[in-house]
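Okay, structure first, notes after.
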Amino acid sequence: MPGNCLLIISKNEGVNPISIAEQAIESGVIDKVIISDGSNEETFKRLKAKETQKIEVISEKKYVKTNEIGKGIGMINGGLAAIEQGFEKVGYIDGDIYNPSMGKWLEFLFDPLDRNIDIIKAAFSRNPADGQITRHITRPLIAMFFPNAWEIDQPLGGELSIKTEVLKEILTKGIAPPYGWGIDSFITMKSLMYGYNMGEVYLGQKMHGKKTLTNLQKMFIECFQEAVRMIQYFYSLPVRKKINPITMVSSPFKKNSSFDEAYMDVKKEVERSLETFKLIKKMYLPHDDLFYDIKEANDFDSFYKKTQLVNVNIWVELLYWFVKKYSPAYLDQYYYRWKIRSLCFCLHEINTVEQAETRTTFQAKAASDFITKIGERPSIDDSSKKMYFYQARN
């Protein structure tokens with residue numbers, strides 16, 4: 001039976017996926033690379049022309065019949081291709097990464113699967129302004145509703161490895177995977193709720209394209225919606241498996257605390273967002289008066305002053321109520337508040353990489369402690385009960 005397969009998920013990344021594939025084959029860890037590509041016809045042909053015996057390029061919809069678009073389609077499609085070809089272990093890498101030494105990652109992604117670990121997520125050094133969906137949405141929600149796993153650092157990363165039998169169960173059993181940006185939330189949360197052992201390994205710094213908060217609206221909505229959907233699914237199960245804690249896998253990569261360029265000009269991001277913040281409406285949730293007041297900010301200085309009170313504890317409680325009172329009609333309102341929280345984080349809480357990571361961990365722990373404080377956490381590991389969260393209230 002074939003051994004390790006690397007899946008590269010790409011869309012209009014030129015021939016960069018071929019560079020990743022060649023590094024993977026040269027590493028000696030990977031037996032075959034499958035590029036699941038959703039590019040335009042010209043780019044797809046260029047990739048196809050560079051196929052070799054060990055590098056295969058397939059259309060991202062070869063195994064997924066849909067007219068929709070999204071990252072999830074490429075990941076599902078590649079996963080089904082690897083399953084069909086009988087590989088034992090599968091890895092994923094996004095096609096927009098341009099690190100010159102990705103081959104060094106693969107040993108530390110794949111080797112832990114030979115131990116009692118079913119899925120490995122990769123973590124990387126990141127700019128303090130990067131990862132705002134992870135920092136303020138996905139990680140605290142995992143801490144709230146999957147509390148044994150609160151220490152996971154980067155649940156949304158596209159770089160991971162997984163046993164093929166586990167991937168098959170996750171993709172084909174129970175709730176179906178999403179076709180968009182929510183696919184990473186889906187894989188992480190479903191692996192946890194199915195009782196699989198998850199590890200995380202630090203692999204250094206990842207070089208890839210950058211997006212401002214304004215560019216992340218679609219990604220935010222899809223990731224937030226998927227997190228809510230998975231939480232609802234978890235607490236609808238008649239019997240719930242115990243969530244296993246995250247295993248931290250050691251690696252020789254050193255933490256990187258410096259970056260050559262700014263990820264985002266926070267002041268400019270505030271100034272370009274002020275008009276959209278005027279669309280904020282009252283949601284009648286705890287602390288929401290603070291966000292409603294922020295809509296009156298007319299310049300950077302007034303925004304800075306009005307946002308000083310939007311701290312970790314206020315955000316954690318409000319995030320809980322976003323999920324508890326979730327409605328798709330308010331997606332734009334959730335987005336505006338997340339954007340404000342992200343800007344507050346950058347303006348008032350951090351100056352360095354170390355501070356950003358410490359505060360992110362602090363917020364996740366606060367989310368876990370919040371559930372403990374309100375008395376919902378003890379029922380999570382008790383499969384005979386439903387959580388208060390989903391009981392009808394008059």
Inset, instruction - Would you calculate, for the chain, the mean residue ellipticity at 222 nm contributed by helices, counting each DSSP H stretch of 4 or more residues as -39,500 (n - 2.57) and dividing by all residues, to the nearest 500? - result: -12500 deg cm²/dmol
Legend entry - With Cα atoms, 0 to 90° folded angle of helix 71-84 axis to the chain main axis: 40 degrees
Inset, instruction - State whether region 266-378 is rounded, prolate or oblate according to the following rule on the C-alpha gyration tensor (a ≥ b ≥ c being the square roots of its eigenvalues): a/c under 1.5 gives rounded; otherwise a/b larger than b/c gives prolate, and the remaining case gives oblate. - result: oblate
Inset, instruction - Go through region 271-302 and name the GluC sites (Glu not before Pro) that are in a DSSP coil and have 15 or fewer other Cβ atoms within 10 Å of their Cβ. - result: GLU296
Inset, instruction - Indicate the gyration tensor shape class of region 90-140 (rounded, prolate or oblate), computed on the Cα atoms with a ≥ b ≥ c the square roots of the eigenvalues: a/c under 1.5 is rounded; otherwise a/b larger than b/c is prolate and the rest oblate. - result: oblate
Inset, instruction - Could you line up GLU26, GLU159 from fewest to most neighbouring Cβ atoms inside 10 Å? - result: GLU26, GLU159
Legend entry - Over region 1-101: Kirkwood hydrodynamic radius from C-alpha pairwise inverse distances, Å: 13.3 Å
Inset, instruction - With percent of Cα pairs over 39 Å apart defined as stated, name the option among [x] 13; [y] 27; [z] 17 computed from the structure displayed. - result: [z]
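Each reported figure results from applying straightforward, stated rules to the coordinates on display, with no laboratory input. For clarity, every value in this text was computed on a predicted model and none was experimentally measured. So basically every Cβ, Gly included, is an ideal-geometry build from the backbone, and we count neighbours across all protein chains shown.
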